[in-house]
1. Highest mean first, what order results for 38-50, 77-89, 19-31 on Cβ atoms within 10 Å?
2. How much accessible surface does His92 have with a 1.4 Å probe, in Å² rounded to 10?
3. Can you spot the lysines whose alpha carbon is less than 26 Å from Lys71's alpha carbon? Ignore those fewer than 8 places along the same chain.
4. Quick one: 3J(HN,Hα) in Hz for the range 21-30, Karplus 6.51/-1.76/1.60 with θ = phi - 60°, rounded, Gly and Pro as x.
5. When the accessible area of the range 21-98 is computed with all protein chains present and a 1.4 Å probe, what percentage of it is carbon and sulfur?
6. Using a 1.4 angstrom probe and counting only protein chains, how large is the accessible area of Ile10 in Å², to 10?
7. Residue-wise, which Karplus ³J(HN,Hα) couplings in Hz belong to the range 35-49, taking 6.51 cos²θ - 1.76 cosθ + 1.60, θ = phi - 60°, and x for glycine or proline?
8. Residues in the range 13-35 near a label at Glu63, defined as backbone nitrogen under 13 Å from the 7 Å Cα→Cβ point?
Amino acid sequence: MASVNRVILIGNLGRDPEVRYTQGGAAVANFTLATNEVWTDKAGARQERTEWHRIVVWGKQAEIVREHLTKGKQVYVEGSLQTRQWDDREGHKRTTTEIKAMRVVMLGRPEAGEGRMAGSAPQEVVAEEGPPPEDDIPF
């Protein structure tokens with residue numbers, strides 16, 4: 001039986017994307033995405049919870065994300081869940097879980113100078129390259 005590792009999120013950027021380059025020259029962008037859940041509790045009070053997600057984007061898509069996304073922008077992200085481990089500078093084991101984005105669609109209205117007409121379709125950026133080998137990851 002096959003397994004599935006698919007994540008779909010719609011949320012707002014918590015910070016501008018940060019782009020680094022591997023030793024092999026591959027671009028990798030990191031940003032955080034906030035998703036909100038709103039519900040009414042048993043007492044009738046409105047409750048809200050924000051969940052933060054770490055997003056990683058590779059290759060040409062990483063450079064496009066850096067150019068077009070800024071803190072607060074709404075985006076659709078589709079990818080897979082990935083957990084990594086490494087030793088920090090002090091020798092402590094660290095673990096992080098993140099979304100390896102394969103598809104990013106910029107939602108919402110464009111701002112002046114973004115090159116899209118108001119009311120046009122969302123701008124999509126699709127990954128053309130996979131991530132580099134694990135030993136080439138810059139963090």
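The values are calculated or read from the model by the stated rules, or taken from the named source; none is laboratory data. Note that this is a predicted model, so its numbers are computed, not measured. Cβ: placed from backbone, ideal geometry, glycine included. Neighbour counts: every protein chain shown. These area figures cover heavy atoms from the full protein model, side chains too; ligands, DNA and RNA do not enter into them. Shrake-Rupley method; radii C 1.70, N 1.55, O 1.52, S 1.80 Å.
1. Numbers: 38-50: 8.1, 77-89: 12.5, 19-31: 16.5.
By packing density, highest mean first, the sequence is 19-31, 77-89, 38-50.
2. In the full protein context, His92 sits at about 100 Å².
3. Partners found: Lys60, Lys100.
4. Karplus values, whole Hz, x for Gly and Pro: 10, 6, 4, x, x, 6, 7, 9, 10, 10.
5. Numbers: 2150 of 4840 Å².
For the range 21-98, the apolar C and S fraction of the accessible surface comes to 44 percent.
6. Result for Ile10: roughly 100 Å² accessible.
7. Values per residue, Gly and Pro as x: 10, 10, 10, 10, 8, 10, 7, 4, 7, x, 8, 6, 10, 9, 9 Hz.
8. 20-22, 25-29
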